[in-house]
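Following: one structure in structure tokens, then a few remarks.
Read-outs: derived from the displayed coordinates by stated rules, not from any lab. All values reported here derive from a predicted model rather than from experimental measurement. Positions of Cβ are generated from backbone atoms using ideal geometry, with glycine treated the same way; all protein chains shown enter the neighbour counts.
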Amino acid sequence: MTARETLGRAAAVICWVYAAGFGLPAIPVGIFVLREHRLPWLWDLFPMYGGPWSSGGMTESAFVATLGGFLALLVVVAAGAWLLWTGRRSGAVVVLATIPVEAIFWWGFALPIPPVMALARVVLVMFAWPGLRGGSASIVGPA
């Protein structure tokens, strides 16, 4: 395995950790919100997915639907990570192209860790890009 392949796989692992760590909890948090009419707290430190959307005028059902949208987006990130793991440029495109949409959720749910993980993704994909297959390395035309 080349160094570029290793970097691409490292970016994929970061995507999977992010998707599992922030996407999967959306399911029990959504159920909790619908049952208890409040957000659960993580280690009594802060509310999970607390942020402008949870403290604003959003209804519980809209908040839970938004959590579902975030989960769906992270499924797309995880699928892109699989393509990236296999060395495909299409996976790199997916894991990078979703970042602006993810950033909206990071703000709305006040998630401070995902932007750091996204920065790591971008850097790793940038260095892995020349070793990925599935298209031309040139933006302006065929190589």
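Cβ-Cβ distance of Leu119 and Ala79, R₀ of 30 Å, FRET efficiency by 1/(1 + (r/R0)^6): the value works out to about 0.90. Take the Cα of Val13, step 7 Å toward its Cβ, do the same at Phe127, and the gap between the two points is 1.3 nm. For Thr6 and Ala72, a Förster radius of 30 Å and the Cβ-Cβ distance give a FRET efficiency of 0.50, rounded to the nearest 0.05. Can you tell which of Leu83, Gly108, Trp41 lies farthest toward the positive end of the dipole of the chain, using +1 and -1 charges on the Cβ of basic and acidic side chains (Lys, Arg; Asp, Glu)? Going by the charge dipole, the pick is Leu83.
Return the FRET efficiency for the residue pair Ser90, Phe46: r is the Cβ-Cβ distance, R0 is 30 Å, and the value is rounded to the nearest 0.05.
Details: r = 37 Å, r/R0 = 1.22.
Given R0 = 30 Å and the Cβ-Cβ separation, E is 0.25.
A full extension of the chain between Ser61 and Arg38 corresponds to an added length of 7.1 nm, given 0.36 nm per residue minus the alpha carbon distance. Mean-square fluctuations from a GNM of the chain, with a 10 angstrom spring cutoff on Cα atoms, peak among Trp82, Trp43, Trp106 at Trp43.
So what does log10 I(q)/I(0) come out to for segment 1-132 at q = 0.10, 0.12, 0.23 Å⁻¹, using the Debye formula with one equal point on every Cα and no solvent? Normalising to I(0) and taking log10 leaves -0.35, -0.48, -1.25.
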